[in-house]
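Comments concern the structure below.
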Amino acid sequence: MSRIGKKPVAIPDGVTATVDGQTVTAKGPKGELKYVVNDEVLVAMEDGAVSVEPRDQSKDARSKWGMSRSMIQNIVDGVKEGFERKLEINGVGYRAAMQGKNIQLSLGFSHEVVYQVPEGVTAATPKPTEIVLTGIDKQQLGQVASEIRKYRSPEPYKGKGVKYAEETIIRKEGKKK
């Protein structure tokens, strides 16, 4: 039994959620999001909460049960408060700056890297070594953060590169003389 899947998704004040077949729609102060639930899972609106249960006791249905509940919780949280992801840049001369809606990154290459931020995600650079991404769609926000990090992943010897703010880089010892 899925511990996560058993709990119904409570709908907070200021958010309206509707279930139409396999589509769950949430509207709130930040915007509107939809999620189409897999056919292996049943979704229903009960007592101001969205409940999720597997269609049968097959391994496939049970494996998608908890994930579907988490995705519905994420869209409800997203339209209510939104999500934020912070990236830190470490390295001599490494920096980020906003160029209109795009992020201009200096990461030690012979050229500047310009990343176009997609619709639905807003970026800010409060410091030259920090990027703050905000949005209502948690999946899209994580994808954007991952794409920016991929330009220069942190290396284990000096820790240079782009990393998530909550990430810890396991450092290696250098060569001995």
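We did not get these values from a lab; they are worked out from the coordinates using the rules stated. Given the structure is predicted, the values throughout are model-derived calculations rather than measurements. Glycine also receives a Cβ, built like all others from the backbone with ideal geometry; neighbour counts cover every protein chain displayed.
Take the chain, mark every one of the chymotrypsin sites (Phe, Trp or Tyr not before Pro) that falls in a DSSP loop and has at most 16 other Cβ within 10 Å, then report the longest stretch left between them, sites excluded. Write out the running numbers ahead of the final one.
Numbers: sites that count: PHE109, TYR157.
It runs 1-108.
With both residues required to sit in the chain, DSSP beta bridges show an antiparallel share near 100%.
Pairs of lysines in the range 3-80 whose Cα atoms sit within less than 27 Å of one another amount to 18, provided the residues are eight or more positions apart or on different chains. With a Cα cut-off of under 15 Å and a minimum spacing of 8 residues unless on different chains, the lysine pairs in the range 83-164 number 7. Report summary: the helix-based calculation at 222 nm, which adds -39500 (n - 2.57) for every DSSP H run with n ≥ 4 and divides by the residues of the chain, gives -7000 deg cm²/dmol. Gap in Å between the Cα centre of the range 62-92 and the Cα centre of the range 116-172? Result: 15 Å between the Cα centres. Excluding same-chain neighbours fewer than eight residues apart, the aspartates and glutamates reachable from LYS172 by a Cα-Cα span under 15 Å are GLU155. Measuring spread by the Cα atoms of the range 3-80 yields a radius of gyration and Dmax of 11.8, 38 Å.
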